[in-house]
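The values are calculated or read from the model by the stated rules, or taken from the named source; none is laboratory data. Owing to the predicted nature of the structure, the values given are computational and were not obtained by experimental measurement. Glycine gets a Cβ as well: all are built from the backbone with ideal geometry, and neighbour counts include every protein chain shown. Accessible surface areas use protein heavy atoms only, side chains included; no ligands, DNA or RNA. Shrake-Rupley method; radii C 1.70, N 1.55, O 1.52, S 1.80 Å.
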Amino acid sequence: MSVAIIKYNAGNNYSVLSALNRLGVEALITDDEAELRSASKVIFPGVGEARAAMEYLRQHRLDDVIRSLTRPVLGICIGQQLMCRHSEEGDTDCLGIFDIDVVRFKSDNIDFKVPHMGWNTVNVTGNGVVPASCDGKYVYYVHSYYVPVNPYTTAVTEYIDPFSASLHKDNFYATQFHPEKSGDVGETIIKHFLEL
């Protein structure tokens with residue numbers, strides 16, 4: 001199995017690489033189109049700001065490459081958000097793989113701080129990258145923007161409002177949380193993706 005991690009200016013690539021290495025999986029960090037197309041699995045991680053990330057992807061023509069991949073692709077955190085149609089963060093048009101918009105958390109309740117940081121439970125609602133065995137388990141989040149629950153949602157977490165913890169459409173999978181930072185549960189989810 002060949003695994004490629006997309007190299008761009010918002011990737012938390014080395015955290016993902018370390019998580020894969022712990023599973024005994026070697027991966028390549030690359031922005032090369034041929035290497036991305038030839039990989040059996042592609043991971044699209046992210047920590048950063050939507051507008052700057054999309055500008056980089058467009059400048060390097062990675063937006064078209066990602067949209068046209070036919071092997072399983074896993075977007076993580078901002079990777080999930082960039083796979084959506086539009087983000088309120090920087091009023092940014094994104095990849096449009098998932099036909100839904102990304103919105104910012106809004107709360108006047110001091111008990112709900114933004115960004116949402118830390119551990120929260122994930123509730124599996126469909127067939128996606130989060131297996132049923134992870135239902136009710138804790139995963140790790142760091143985000144101020146989220147994808148509302150929609151027809152592509154396969155897992156839900158509640159913070160201020162219910163939101164999409166995970167999405168799935170065709171060969172595209174995504175998580176808002178960081179499986180690479182979610183301990184044994186995250187390891188189970190990464191293994192499940194690698195087995196798809």
Problem - Modelled FRET efficiency - R0 30 Å, Thr70 with Lys106, Cβ distances, 0.05 increments - result: 0.20
Exercise for the section: Can you run the Rg to Rh ratio on region 64-105? Use alpha carbon positions and the Kirkwood inverse-distance Rh. Expected result: 0.98
Handout entry: Dimensions in Å of region 101-166 - Rg and Dmax from alpha carbons
Key = 11.7, 35
Practice task
Take each of the peptides 118-126, 7-15, average the number of other beta-carbon atoms within 10 Å over its residues, and list them starting from the highest.
Solution key: 7-15, 118-126
Fill in the blank from the handout: Under the helix-only model (-39500 (n - 2.57) for each DSSP H run of 4 or more, divided by the residues of the chain), the mean residue ellipticity at 222 nm, to 500 deg cm²/dmol, is -7000 deg cm²/dmol
Practice task
Give the accessible area for Met1 in Å² (nearest 10); use a 1.4 Å probe, count only protein heavy atoms, and leave out ligands, DNA and RNA.
Solution key: 140
Practice task
Considering only DSSP beta bridges where both residues belong to the chain, give the percentage that are antiparallel (nearest 5).
Solution key: 60
Practice task
Express the accessible area of the chain per residue in Å², computed with a 1.4 Å probe while the remaining protein chains stay in the model.
Solution key: 44
Problem - Gyration tensor verdict on region 1-117 (Cα atoms; rounded if a/c is under 1.5, prolate if a/b is larger than b/c, oblate otherwise) - result: oblate
Exercise for the section: Would you mind checking Lys7/Lys137; Lys41/Lys191; Lys7/Lys113; Lys106/Lys137; Lys137/Lys169; Lys113/Lys191 for any pair whose Cα atoms are more than 21 angstrom apart? Expected result: Lys7/Lys137; Lys7/Lys113; Lys106/Lys137; Lys137/Lys169; Lys113/Lys191
Problem - Packing-based order for 170-177, 98-105, using average beta carbon neighbours within 10 Å, highest first - result: 170-177, 98-105
